[in-house]
1. Right, R145: of a type in the set (K, R) and over 30 Å from P360 (Cα atoms) or not?
2. Pairs needed: first member in segment 134-148, in contact (Cβ under 8 Å) with a residue 24 or more places away in the chain; second member anywhere, among the aromatic types (F, W, Y) and within 8 Å of the ligand (Cβ to nearest atom); C-beta distance under 7 Å; at least 6 residues apart or different chains.
3. Is at least one residue of segment 154-173 surrounded by fewer than 20 Cβ atoms within 10 Å (Cβ to Cβ), in a strand (DSSP E or B) and without any contact (Cβ under 8 Å) to a residue 40 or more places away in the chain?
4. Go through segment 109-153 residue by residue and tally those that are in a helix (DSSP H, G or I) and either within 10 Å of the ligand (Cβ to nearest atom) or under 20 Å from L52 (Cα atoms) (or both).
5. I'd like the residue in segment 197-220 that is of a type outside the set (S, T, Y) and more than 27 Å from S92 (Cα to Cα) and, out of all such residues, is nearest to the ligand (Cβ to nearest atom).
6. Could you pull out the residue among R280, R337 that is touching a residue at least 12 places away in the same chain (Cβ under 8 Å) and in contact with a Pro (Cβ under 7 Å, 6 or more places away or on another chain)?
7. Where residues in segment 369-391 are more than 12 Å from the ligand (Cβ to nearest atom) and in a helix (DSSP H, G or I), which of them is surrounded by the most Cβ atoms within 10 Å (Cβ to Cβ)?
8. Any chance segment 184-191 includes a residue that's under 20 Å from T250 (Cβ atoms) and either away from the ligand (no atom under 12 Å from the Cβ) or part of a strand (DSSP E or B) (or both)?
Amino acid sequence: MYRSVHYDPGVDLTLNETERDLVALCRDFAQREIALRAPAAWEAAVCPTDLLREMGELGLLGMLIPEEWGGIGMSTVGFVAAMEQIGLADQSVAAAWQAHVTIGSLPLYLFGTDAQRERWLRPLAEGKVLGAFGLTEPDAGSDTRGITTRAVRADGGWLINGAKTFISNAGTDMSFGVTLLARTEEPGEKPTYASFVVEKDTPGFTMGPKMRGIGWRGLDTRQLFFDDVWVADDHLVGDPAMGLGQFLKTLEVGRISIAALSLSLTQAVLDLAIDYAKERRQFGQPIVDFQAIQFKLADIATELEAARWLTYRAAALRDAGAPFLKEAAMAKLKASRVAAWAASEAVQIHGGLGYMLESPVARFYCDAKVLEIGEGTNEIQHVVIARALGC
Ligand SMILES: Cc1cc2nc3c(=O)[nH]c(=O)nc-3n(C[C@H](O)[C@H](O)[C@H](O)COP(=O)(O)OP(=O)(O)OC[C@H]3O[C@@H](n4cnc5c(N)ncnc54)[C@H](O)[C@@H]3O)c2cc1C
């Protein structure tokens with residue numbers, strides 16, 4: 001079983017009492033349950049919804065949703081600190097959890113009507129079902145305006161046709177459906193986009209098998225197909241002309257979340273590398289006594305701290321109600337780069353053993369790459385930051 005012994009967030013972060021209690025709860029659950037049970041789910045490549053249901057019972061699935069709607073109304077800083085604990089134990093569980101908490105639930109909270117919040121958000125926040133966010137399509141990833149899924153007026157509601165790809169959390173035994181983005185303009189008009197809820201047993205809504213990633217093997221990610229899917233008007237979420245803006249606003253929080261996931265991965269591989277370097281002996285001494293190894297560890301620790309403060313700052317700005325678009329992009333860019341690089345360095349410190357999937361560091365290495373891709377690639381984070389700089 002893997003345990004972090006080198007990092008205590010209570011010591012060097014200014015968390016309030018509620019946030020510290022949350023961190024303690026997450027650390028206990030992560031080390032007692034997730035670290036023990038998630039590796040089997042990773043091996044079997046299935047989403048461990050039993051663990052996610054238990055996290056729901058602890059209130060963790062309604063992390064950023066106010067109590068009024070079934071959540072626990074946690075601060076974004078508290079969420080980041082909690083993620084540092086969950087992600088240390090297993091990245092797939094943490095990935096499914098964060099996708100639910102941010103992009104899977106927030107569109108309904110931020111833009112839904114009270115009736116929609118009661119119908120769909122409350123069960124999401126209470127942890128009874130899992131939420132999914134459908135933006136990416138086979139021909140439109142970074143170019144979000146290029147989506148071709150279309151919703152047209154029909155029989156007092158909307159008829160949706162198209163396909164989405166790489167959609168997380170839509171196909172598990174705990175999934176309720178998806179909040180998706182579709183184009184709504186008439187032929188020849190300027191593109192407009194709107195957001196709709198499609199529940200999982202709606203006629204015409206089907207999905208492909210779970211896709212096989214090189215990491216995050218416990219995360220359920222699939223292609224979704226919409227073939228003359230009819231939904232009533234009350235499934236339209238928010239402003240019918242502002243769906244794209246709503247989705248992009250939601251992704252800002254998702255980026256803080258991916259940054260936090262990256263911190264947890266970097267901390268995990270640093271801890272593993274330190275422990276291994278102290279144990280492993282070559283040339284008659286522990287390899288940690290070689291300066292080349294010490295410098296790698298010192299570099300990882302330093303880069304991790306830099307990424308950590310960018311991430312907590314973006315979270316604190318959101319909690320203060322200040323703009324955080326640029327800071328979230330910077331946090332995601334820096335933290336995911338650090339994670340992917342640190343995972344490679346940690347494998348190097350483990351030598352051949354680090355290459356073998358039997359060792360936890362190898363699994364973290366596989367999980368690291370996607371952090372530079374999901375919720376907007378790092379090239380797109382550069383675009384966001386450059387635009388914010390007026391370029
Ligand atoms: C495991 C996993 C889970 C995911 N879950 C979800 C989900 O739940 N919901 C969802 O909607 N999506 C999800 N995604 C999709 C993810 O958000 C996209 O993969 C990502 O946004 C990139 O889109 P793409 O894969 O189409 O790459 P592309 O957009 O085709 O990009 C290919 C390459 O071109 C580069 N590029 C593109 N445009 C530019 C530019 N303007 N300037 C410079 N470089 C550029 C990219 O950075 C990348 O390197 C998931 C993806 C993965 C891998």
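The values are calculated or read from the model by the stated rules, or taken from the named source; none is laboratory data. Worth saying up front: this structure is predicted, and the values here are computed from it rather than measured. Ideal geometry is used to build each Cβ from the backbone, glycine not excepted, and the neighbour counts take in all protein chains shown.
1. When the stated conditions are applied, R145 passes them.
2. Taking only residues 6 or more apart or on different chains, the pairs are T136/F166.
3. No, segment 154-173 contains no residue that is surrounded by fewer than 20 Cβ atoms within 10 Å (Cβ to Cβ), in a strand (DSSP E or B) and without any contact (Cβ under 8 Å) to a residue 40 or more places away in the chain.
4. Residues in segment 109-153 being in a helix (DSSP H, G or I) and either within 10 Å of the ligand (Cβ to nearest atom) or under 20 Å from L52 (Cα atoms) (or both): 8 in total.
5. So, considering only residues that are of a type outside the set (S, T, Y) and more than 27 Å from S92 (Cα to Cα), the one nearest to the ligand (Cβ to nearest atom) is G204.
6. Matching residue, one of R280, R337: R280.
7. Out of the qualifying residues, it is I385.
8. yes
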